[in-house]
Each structure stands twice: as structure tokens, then as C-alpha cells.
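Presented below is the structure to which this report refers.
The values are calculated or read from the model by the stated rules, or taken from the named source; none is laboratory data. If you're wondering where the values come from, they're calculated on a predicted model, not measured in any experiment. Cβ: placed from backbone, ideal geometry, glycine included. Neighbour counts: every protein chain shown.
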Amino acid sequence: MDTSESTDSGTAPGAGTGADPGAGAGADAAESAAPDGPAARGAASGPAVPDPAAPVRRGWRRWAMDTRPLHRPAFRRLWSSTIVTAVGSQLTAVAVPKQIYDITGSSAWVGYASLAGLVPMVVFALWGGAVADTVDRRKLLLVTNSGIAVTSLLFWAQAASGLGSVAVLMVLLAVQQAFFGLNSPARNASIARLVPAEELPAANALGSTVMQTGLVAGPLLAGALIPVIGLPELYLIDAVALCVTVWAVLRLPALPPLTASAARGAGLREIAAGFRYISGHRVLLLSFLADIIAMVLGMPRALFPQLAAQTYAPYGEGLALGLLFAAIPIGAVAGGLFSGTFSRARRHGWMVIGAVIAWGVAVAGSGLSSSLWVAVAFLAVAGVADMVSMVFRGAILLSAATDEMRGRMQGVFTVVVAGGPRLADVLHGTAGSVLGPRAAVTGGGLLVVVLMMVLAGAVPALRRYRV
């Protein structure tokens, strides 16, 4: 269950103790023996050890955002760059479909462009995960961030020249998403080398809050800027913002593979090895299944236009549609701002289970409500649950995996994050046309609750997992 691309987590002292109790003994022994502690990392990975001098948070500060990872200079640089790029990337995300619609006058072409970006992103995310496990991740981030920045410049050039070619836009979008697919696994896997295990949920919350804020502020800013400065300049702003990210990556420590065995190829065999690794470690498999259950069955965004036009029409269709789309990201941002309430929890498995169930209950509650404001409140609660889920699933994905597999875990995660909501759009759109939008939303939320409870009860690995 993830509406953002940030999954900051990893291993540090003690991270290996969370090995999946449901996996085979051989796999657990291999994880425990992996040279993934501070001694193996050495200077190359930065100061990822607990800070005994960190101030104790008292009073209301205990509930506010947990900022411990920002005491780590390398993580602070990387996180700071996302503040700029989270908004900048959304400017391009708005500009591309707007330009395509302006050229064609067809929403169908906007949908085709989305597909043109999805396919290369999925392919290159899987391959990029394998690449991230074989090379210095810092160098890979430099190459891919530079590639995304150049692509944004090309977007600006074609818009400024008045080219008006949908084919060029779709090619540029495909190239940009391919670079993103290569970039995302390396970026997320790198966080594991920058913060200690007990700060992984806090690091996740920091990154996810910034990304969710970008999802809210970016489109609003784009809508305000287009009439003032024009469409081409949105691409240019994104390109400049990406230069900030390149500068931040330049200042990171080297992040080479920790073991000599990691210096291998990055082909189909290595990608397949990543899937075998997931299937052999139940806690990793269950974390993916939890996200698929929540997103595919419980993400009702495809029904928001119909709900706004029919159920909540008396409130004003435009107002209703805007509130429905904004409610989940706003709830997620609120959850991040108060991440101190949960970021120190050690039973990460139970936190994921509880968050997914809460997501399902909240989504079902929104479907049962005939009041727009009550429905929006339920969706905001779902956003908080989404934040908690993504924080602890991100921590599990890297703390339960060895460093030589983290890139591939994040590659698969990127595919799940990208594909889950799109499958949900198809499923909910079909169910809404047959059952009606409110019944489809309610039924999806209840299915999430039931299946998550069955999964948690049938396979104890996730319940038992703790950092």
C-alpha cells in the first residue's frame, strides 16, 4: 500500500536479527552470516551507527516527526534534495498529459502515454534492481539522475519550439521512465547504508512525507503557474530541480557492493535470483502481498469521478472531485508529520498488518458514507494508514534482506507500486459500473480487511517479524 516512490530503509547493527522465522534454516543462516554490519561497511557506507548523544524527545516532541535520521549528514543531503524534486517532478507529471491533450484533444491519448511510460519503467526497474546490486550505487544514481535531468531539458526544448509531436512526447516519456526505473531501486537501497536499523522507519517517514507533500503541492503549483509562465517553463523548473539532486548525490559517500560475490552480471539470471530470494523469505513475500492486497482491492481512485458526479453532486462536482483525490495524500502527510507516534515501534510486522487493516476499514467507511465530508475524513484516515504501512514495509524490505539483494527487492517493489494502482483502476472501474461506485468502494475495503486477517493468521512470519 504505497502512494509514493520512497521506501527508505535498510540494515545496520542488529538488522539481521529480524530474519524471517518462516523461511528455511539455510536461508536464515545465510542472512545471519552475511557481511552486512558496520565492520563490513567500513568508511564506505558512512556513519550508520546509533547516536548515544542524540537528545531525548520529551513532551509534545515525542509525537512530532521523528528527525533522528537528519543527524546523519549523508542522509540529510539526499533527503534535502527530495524536497525540491518532489515538487519539480509533479510539474512534469502535470505538463506531459496537459500538452498531449492540448495537441490531440483526446483523453485516450493521455492514457496511451501513461502506458508508454509504464512499460519501460517496469522493465528497467527489474533490471535496475539487479544493476544496483552489482555496482557502486552512488555512481548509478549520478548517471540516472543526470539522464532524467537531460530528458527534462529535452521536454522543455520540444515544448519551447512548438514541435507539437505526440510521438516525440511519448518517446521522451518512455526514456524518462526507463531512467526512473534504473534510479529508484538504487536510491532506495542506498538508504540502508546511511542510517542504522532503528532509524529506518523514521527515514521512511521523512522521505514519504516529502513525496506525499509533492503530490499535493506540485499539481496545485502547476495549475497556478501554467497561465502565468506557460507550459515549457514547467519542464525547465523540473530540470533545474534535478540538478540539485545530482549535486546531493555527488556529496554522498561511495556505496560499492559489500561482498566480492556481488561483482557479477546483471541479467535475467540475476533478476530471477531476486524472485527466488523473495519466495524463500516469507516475510519479504508477505510484505509484497500486503501491498498488493491493499492497493489492488482497496484503492478506489478510478471511482472518484463517478462518485463526484453522482453521489456527491449536491456538494458541487468540482469540489467533490478535488477533495476526494486530495484526501489520501493529505492524510499521509499528516501521518508523516506526526510519525513520532509510531516510528520507534519494533514489531514492524504487526505495524504493517494493523495499517493495512485500518486502510481497508477506512476505505469501506468512505464507501458507506453519503456525506462528502465524512467520506473525505475516512479517506484521510486511510492516508494515515497508508503512511504507516509504507514506512514499515520499507523497513522490512531492506532490514530482512542482505545488501547484495536490496537493489532487486527495491526493483520488484517499484513494479508493485506502479502496477498495483493501475490494476486497481481496472478492477474498481469494472466493479463500479456493475455494482455502483459506493458498493464497489465498500466491498473493496472489506475484502482488504478479510484477506489481510486471513494472511496474517495463516502465515505467522509477518506477525513475528521485529527489528
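Quick look at the numbers
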item: Residue within region 416-423 that is touching a Lys or Arg at 6+ places or on another chain (Cβ under 8 Å) and modelled with pLDDT under 90 present; result: yes
item: Hits in region 351-387 (condition: crowded, with 21+ Cβ neighbours inside 10 Å and either at positive phi or among the hydroxyl-bearing types (Ser, Thr, Tyr) (or both)); result: 366
item: Output for region 305-328, where each listed residue is of a type outside the set (A, V, I, L, M) and surrounded by 23 or more Cβ atoms within 10 Å (Cβ to Cβ); result: 312
item: Hey, residue 314 in a helix (DSSP H, G or I), farther than 24 Å from residue 448 by Cα and without any contact (Cβ under 8 Å) to a residue 24 or more places away in the chain or not; result: yes
item: Complete set of residues in region 444-467 that are surrounded by 17 or more Cβ atoms within 10 Å (Cβ to Cβ) and of a type outside the set (A, V, I, L, M); result: 444, 445, 463, 465
item: Top-ranked residue in region 166-209 [being β-branched (Val, Ile, Thr) and either touching a Phe, Trp or Tyr at 6+ places or on another chain (Cβ under 6 Å) or surrounded by fewer than 23 Cβ atoms within 10 Å (Cβ to Cβ) (or both); ranked as nearest to residue 78 (Cα to Cα)]; result: 195
item: Which numbered condition residue 236 fails, given (1) part of a helix (DSSP H, G or I); (2) within 24 Å of the chain's Cα centre (by Cα); (3) closer than 28 Å to residue 138 by Cα; result: (2)
item: Yes/no for residue 418 being in contact with a Phe, Trp or Tyr (Cβ under 6 Å, 6 or more places away or on another chain), in a helix (DSSP H, G or I) and not charged (D, E, K, R); result: no
item: Top-ranked residue in region 227-249 [being out of contact with any Leu (no Cβ under 7 Å at 6 or more places or on another chain), of a type in the set (A, V, I, L, M, F, W, C) and in contact (Cβ under 8 Å) with a residue 12 or more places away in the chain; ranked as surrounded by the most Cβ atoms within 10 Å (Cβ to Cβ)]; result: 242
item: Considering residues of region 257-270 that are surrounded by fewer than 17 Cβ atoms within 10 Å (Cβ to Cβ) and of a type outside the set (Gly, Ala, Ser) only, the residue modelled with the lowest pLDDT; result: 264
item: Unique residue being closer than 19 Å to residue 387 by Cβ, in contact (Cβ under 8 Å) with a residue 60 or more places away in the chain and of a type outside the set (Lys, Arg) when the list is 208, 190; result: 208
item: The listed residue being over 19 Å from residue 92 (Cα atoms), in a helix (DSSP H, G or I), of a type in the set (A, V, I, L, M) and touching a helix residue (DSSP H, G or I) at 6+ places or on another chain (Cβ under 8 Å), out of 192, 241, 217, 178; result: 192
item: For residue 223: the one exception among (1) among the small types (Gly, Ala, Ser); (2) over 30 Å from residue 133 (Cβ atoms); (3) crowded, with 17+ Cβ neighbours inside 10 Å; (4) at pLDDT below 85; result: (3)
item: Single residue of 135, 150 found to be under 22 Å from residue 84 (Cβ atoms) and surrounded by fewer than 21 Cβ atoms within 10 Å (Cβ to Cβ); result: 150
item: Residue within region 444-458 that is not acidic (Asp, Glu) and not in a helix (DSSP H, G or I) present; result: no
item: Condition check for residue 141: surrounded by 17 or more Cβ atoms within 10 Å (Cβ to Cβ), on the phi < 0 side of the Ramachandran plot and touching a Lys or Arg at 6+ places or on another chain (Cβ under 7 Å); result: yes
item: Filter pass, residue 438 being crowded, with 16+ Cβ neighbours inside 10 Å, over 25 Å from the mean Cα position of the chain (by Cα) and not aliphatic (A, V, I, L, M); result: yes
item: Long-range neighbours under 9 Å by Cβ, at least six apart or interchain, first residue closer than 19 Å to residue 361 by Cβ within region 448-467, second of a type in the set (S, T, N, Q) and modelled with pLDDT under 85; result: none
item: Of all residues in region 55-98 being over 17 Å from the mean Cα position of the chain (by Cα), among the small types (Gly, Ala, Ser) and crowded, with 22+ Cβ neighbours inside 10 Å, the one that is modelled with the lowest pLDDT; result: 95
